[in-house]
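As structure tokens, the structure follows; a few thoughts come after it.
The values are calculated or read from the model by the stated rules, or taken from the named source; none is laboratory data. These numbers come from a predicted model, not from an experiment. Note that we place each Cβ from the backbone using ideal geometry, even for glycine, and neighbour counts take in every protein chain shown.
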Amino acid sequence: MKNRVAITGIGIVSPLGSELPFFVNKLLEGVSAAGPITIFDPCKLPTRIAAQVDDNKLPLRTKDRKVGFAILAARSAIQDAEKFGSPLVKGERSGLSIGLGLELFSMPDMIDYLHGKRLIDFDPMEFLQTPSDVCVPRICKEHQLVAPPLIHISACAASTDAIGCAFRMVREGRRSWMMSGGTDSMINPLGVGGFCRIQAMTQRNEEPYKASRPFDRDRDGFLLGEGAAILVLERWNDAVEREARIYAEVAGYGTSFDAHGISEPHPEGEGATLAIQRALKDADVAPEQINYINAHGTSTPKNDIAETKAIRRVFGKRADSIPVSSTKSMIGHLISAAGAVEVAAAILCAQKNFIHPTINLETPDSGCDLDYVPKKARRAIVSYFLKNSFAFGGQNSSLVLRNVIK
Amino acid sequence: MDPTFETRFPHPLKLRGTGSIVAAQDSEIDVLPWLKYRKMKKFMGKQDELAVTACGLAARNARLSEEDLRTKTGLYLCVGFIPFERQEIETIARNSSDSGSFSMDLFSTKGFDEVNPLLTFRCLPNMPIFHVSLNLNIQGPYFITYPGAAQFYVALEQACIALEQKEIDFALVGGVADQNNFLVQHHYKRTRIGTKATPDAAGFLCLERNGTERVLLGLRMNYQTRETAQRERWADTEVKEHLGAASLAVLLDQSPQTGNVTHYIESVDGMQAESFWSL
């Protein structure tokens, strides 16, 4: 028998704060988290803006930012899940499913290493260590997660995949509960430099708060963000039994490949269409039941059009009446953490009977003809909704979720 | 091994085909026959080439048709540590250093311009699975993970679940180990793997439902948050080469066994895993 799967805890570290009420209020106000890069001096790089986490307010700071973000988000998620009802049963058949960014090293450290500095002089947990070897055991140990961890590296789809796989493991009875989500920070010289080199990022340095403008005619690339989100997923019946607060239900998960281009999506959104269709089928939910879509919505010229086409292919005429919004318009693109933070954003807004806006959408592009909830949040009763994440390299991931209406 | 997480298949999964490559030298990897577009080779790092070659061999040996691959096959892959090539990192470093120290000013003007734009593609860990999907035209579901050798088993478990749930008809499950790399070797020194030979390797298994012979009977995994040295056994024999995440698929492809055999691996990330086969 398959289990229903409840989301009972949310922990975030985001460019719009790490306290859930603050985060959701900023989303509904349509606030941009973008600003000049201050983590390092970008000097003359073409892009000198990003959506940064204010880590001065965080209780844990690590040299590689994504490690600390993940640990803090996990702690917050457990606290949130245990805020109501009896505690989660630790140990037996619990696990972690997490989307992670790239290896840990800084360019100054790498240059020291290449110049012959001894290995012993480097922090073994910070230099050329994998995030999976650093933050995964820490989180598992702290929260007594005993199952083999599921580590996802599908880039921009990684944390959506993490939630999807955790959902399946709980649904099939292979795990009793799981922590799932993602963490990333590529706001460092090599990360920003690399994305600049392939001209993927916005260069609207003089107007950071207007830089991320998904679906807008004048968009010029994505705004890099950073952060983490961890959700607690557990068997619905267990959540009810321990009288936990249930935010939402994960209902379905689907993935696909574009098998098309290395950096560009299939122009007709073929792979994205497959992922959405598979998620709907997995959830046994008809397209007519979806009444909100949280888009991948990167603000890159090709993605926004391909995603729009995919939504049209799946939902047909009804696509005109489904609100679609992009969290990235406010917090930028969190890469391996993007999907999880955006799922959290959509759920928290839906719990308040709102859909957050797509800010900076002034003139929709000619290929972008859906209802993108421009500029202002909208009051709405959200029931079933869709979350899309599409990775560089053509991995497409979609989730179907059901908001638990209070 | 503490059998904490055990999967026994009521209907064993058939091993339909295997494919692998083990290369002591880069020149031994010939990916060109497997490429849909030869111009894509410049975008490929060594991991990508290893994965495409091994998966191409496995798909061919399993006699999967184009239609099978496109619509009925899922792809499950474990890759190794991120393979920045020394030459590319050194180029950035050389053009971004002032008196031996990193200079952001130089990086943003000179070093940045010297970065090969293709480096951004070659260093991403999801690129091997992209190149496999592109060249074999696979649109199915996926799971991609890294970097522990035993993490391959997590990918294998996900493939088995997808087959059992009838989400797919065929699963291509692979592991890639780009090991002749200065950063990977650095990592191995720290994790005590250094005593074994570490060739570059990749291997893929093709599995399907309802097998009667050459079958995967089950697998089990255990995870303890401690560091353990790499250790591997195949049919009660200690394995001499370290093949990382590629090890099971390479052994099944290149060291034929018969009867009931067990493959066991434990890796530095605290994972222990074993699988049970009737071959």
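Is it the case that some residue within segment A:17-35 is in a strand (DSSP E or B), farther than 22 Å from A:Arg75 by Cβ and touching a strand residue (DSSP E or B) at 6+ places or on another chain (Cβ under 8 Å)?
Checked against the condition, which is being in a strand (DSSP E or B), farther than 22 Å from A:Arg75 by Cβ and touching a strand residue (DSSP E or B) at 6+ places or on another chain (Cβ under 8 Å), segment A:17-35 yields at least one hit.
So B:Ala51 clears everything in (1) within 23 Å of the chain's Cα centre (by Cα); (2) of a type in the set (Gly, Ala, Ser); (3) more than 30 Å from A:Asp133 (Cα to Cα) except one condition, right? Which one?
The single condition B:Ala51 does not satisfy is (3).
Within segment B:102-119, which residues are polar (S, T, N, Q) and either in a helix (DSSP H, G or I) or in contact with a helix residue (DSSP H, G or I) (Cβ under 7 Å, 6 or more places away or on another chain) (or both)? Walk me through how you get there before you give the answer.
Filtering segment B:102-119 down to residues polar (S, T, N, Q) leaves B:103, B:108-109, B:116.
Once the filter is applied, which keeps residues that are polar (S, T, N, Q) and either in a helix (DSSP H, G or I) or in contact with a helix residue (DSSP H, G or I) (Cβ under 7 Å, 6 or more places away or on another chain) (or both), segment B:102-119 yields B:Ser108, B:Thr109, B:Asn116.
Could you check segment B:90-118 and list, in sequence order, the residues that are of a type outside the set (S, T, N, Q) and at the interface with another protein chain (Cβ under 7 Å from one of its Cβ atoms)?
Listed by number, the residues that qualify are B:Glu90, B:Ala93, B:Gly100, B:Phe102, B:Met104, B:Asp105, B:Phe107, B:Phe112, B:Val115, B:Pro117.
Given the structure, is A:Asp184 at pLDDT 95 or above and surrounded by fewer than 24 Cβ atoms within 10 Å (Cβ to Cβ)?
No: the conditions fail for A:Asp184.
Return the residues of segment A:120-153 that are over 21 Å from the mean Cα position of the chain (by Cα), more than 8 Å from every other protein chain (Cβ to nearest Cβ) and hydrophobic (A, V, I, L, M, F, W, C); say none if nothing qualifies.
Across segment A:120-153, the qualifying residues are A:Ile120, A:Phe122, A:Met125, A:Phe127, A:Leu145.
Going by the structure shown, is B:Asn126 touching a residue at least 12 places away in the same chain (Cβ under 8 Å), on the phi > 0 side of the Ramachandran plot and facing chain A (nearest Cβ under 8 Å)?
Taking the combined requirement at face value, the residue does not satisfy it.
So which residues in segment A:169-194 are more than 7 Å from chain B (Cβ to nearest Cβ) and assigned to a helix (DSSP H, G or I), if there are any at all?
Residues satisfying the conditions are A:Met169, A:Val170, A:Arg171, A:Leu190, A:Gly191, A:Val192.
Restricting to segment A:31-45, count the residues that are surrounded by fewer than 18 Cβ atoms within 10 Å (Cβ to Cβ) and not charged (D, E, K, R).
Qualifying residue count for the region: 7.
Just checking, which of B:Asn210, B:Asn181, B:Asn222 is within 9 Å of chain A (Cβ to nearest Cβ) and in contact (Cβ under 8 Å) with a residue 60 or more places away in the chain?
It is B:Asn222.
Might you let me know whether segment A:205-220 holds any residue that is within 23 Å of A:Thr358 (Cα to Cα), in contact (Cβ under 8 Å) with a residue 60 or more places away in the chain and under 17 Å from the mean Cα position of the chain (by Cα)?
So far as segment A:205-220 goes, yes, one or more of its residues are within 23 Å of A:Thr358 (Cα to Cα), in contact (Cβ under 8 Å) with a residue 60 or more places away in the chain and under 17 Å from the mean Cα position of the chain (by Cα).
When segment B:77-103 is examined, which residues are found to be of a type in the set (Ser, Thr, Tyr) and touching a Gly at 6+ places or on another chain (Cβ under 7 Å)?
Of everything in segment B:77-103, just one residue is of a type in the set (Ser, Thr, Tyr) and touching a Gly at 6+ places or on another chain (Cβ under 7 Å), namely B:Ser96.
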